[in-house]
Each structure stands twice: as C-alpha cells, then as structure tokens.
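Colleague: If you scroll down you'll find the structure; I have some questions about it.
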Amino acid sequence: QVQLVESGGGLVQSGGSLRLSCEASGFAISAYYMRWYRQFPGKEREVVAVLTTSVGRHHADSVKGRFTASRDNAKNTIFLQMNDLKPEDTAMYYCHAHGLASGDVWGQGTQVTVSA
C-alpha cells in the first residue's frame, strides 16, 4: 500500500515554531516531486512548498523566509520547518506526491493552529 503519514501539527502561539513531518511508505520519495499544501476552511488547497530534486525547493510568497521544506531520502520523509508562525497560517496542512503510476498520493492532513 502506498501511504503518506503526517505528524507534528498542533497549537502554538504567534511567533512560535513547528516542524511537520511526512513519512512515505510503499514508494521511494527520491523518484518524485513532493509538495506541501494547506487548506483554509471553505477554500481550495494551495501549495506551500515544492521539493524538486534532492536539493531543489520553492516556497510560496506567503511563507517565503519563514517556512523551509526539505527531504531526507534515506528516511523516506519530507519536512516543513515553520518559523515565526502567524494566526493567518492556521490551516490543515497536507503532504502530496505527484506522478505515481497508481495516482497522486495525499496524506490525511495535520492541523496547525496559531493563536494571537
């Protein structure tokens, strides 16, 4: 079975930090672009960061300079380090793998809540 399992979400005060993890099983993340998304209530999911090659990465303007996505291929895991969190970052965060023969893969999501 192909699976993504997320962890690390929670409640944090404004200005704090969280580190999200997403561990993959059933496939090797080294062969695929990986992405972090977030979703606000009533809105479509939006991309937060894209991991291309083993070192390539791009972040949305809304989080640039505060969030850092990375991958550890040996652990088959991607990460999202979130610093200087703001209340407007409150959302469900999802990891995503694109292009598998069986279809794109989504994690179940982890809630991040930032209090003022």
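The values are calculated or read from the model by the stated rules, or taken from the named source; none is laboratory data. What you see is a predicted model, and the numbers here were worked out from it, not measured in a lab. Positions of Cβ are backbone-derived with ideal geometry, glycine not excepted, and every protein chain shown enters the neighbour counts. Calculation scope for accessible area: heavy atoms of the full protein, side chains included, ligands and nucleic acids excluded. Shrake-Rupley method; radii C 1.70, N 1.55, O 1.52, S 1.80 Å.
Colleague: Quick one: is Val63 open to solvent by 60 Å² or more (accessible area, probe 1.4 Å) and either of a type outside the set (D, E, K, R) or at pLDDT below 95 (or both)?
Modeller: Working: open to solvent by 60 Å² or more (accessible area, probe 1.4 Å): no; either of a type outside the set (D, E, K, R) or at pLDDT below 95 (or both): yes.
Spelling it out, it is not the case that Val63 is open to solvent by 60 Å² or more (accessible area, probe 1.4 Å) and either of a type outside the set (D, E, K, R) or at pLDDT below 95 (or both).
Colleague: Now for a different question. Looking at (1) at pLDDT 95 or above; (2) open to solvent by less than 40 Å² (accessible area, probe 1.4 Å), find the lone condition where Gly103 falls short.
Modeller: (1)
Colleague: Mind listing just one residue for me: the one in segment 71-116 that is part of a loop (DSSP other than H, G, I, E, B) and hydrophobic (A, V, I, L, M, F, W, C) and, of those, nearest to the chain's Cα centre (by Cα)?
Modeller: Filtering segment 71-116 down to residues part of a loop (DSSP other than H, G, I, E, B) leaves 76, 83-86, 90, 98-104, 107-109, 116.
Filter once more, so that each one left must be hydrophobic (A, V, I, L, M, F, W, C): 85, 100-101, 116.
On the way: Leu85: 15, Leu100: 18, Ala101: 22, Ala116: 22 Å.
Of everything passing the filter in segment 71-116, Leu85 is nearest to the chain's Cα centre (by Cα).
Colleague: Given the structure, is Met92 aliphatic (A, V, I, L, M), modelled with pLDDT of 95 or more, under 30 Å from Ala116 (Cα atoms) and in contact with a strand residue (DSSP E or B) (Cβ under 9 Å, 6 or more places away or on another chain)? Talk me through it step by step, then tell me what you get.
Modeller: Values: aliphatic (A, V, I, L, M): yes; modelled with pLDDT of 95 or more: yes; under 30 Å from Ala116 (Cα atoms): yes; in contact with a strand residue (DSSP E or B) (Cβ under 9 Å, 6 or more places away or on another chain): yes.
Considered against the rule, which asks whether it is aliphatic (A, V, I, L, M), modelled with pLDDT of 95 or more, under 30 Å from Ala116 (Cα atoms) and in contact with a strand residue (DSSP E or B) (Cβ under 9 Å, 6 or more places away or on another chain), Met92 comes out as yes.
Colleague: Confirm whether Arg57 is of a type in the set (D, E, K, R) and open to solvent by less than 60 Å² (accessible area, probe 1.4 Å). Spell out how you get there, then give the answer.
Modeller: Values: of a type in the set (D, E, K, R): yes; open to solvent by less than 60 Å² (accessible area, probe 1.4 Å): no.
The answer is no for Arg57.
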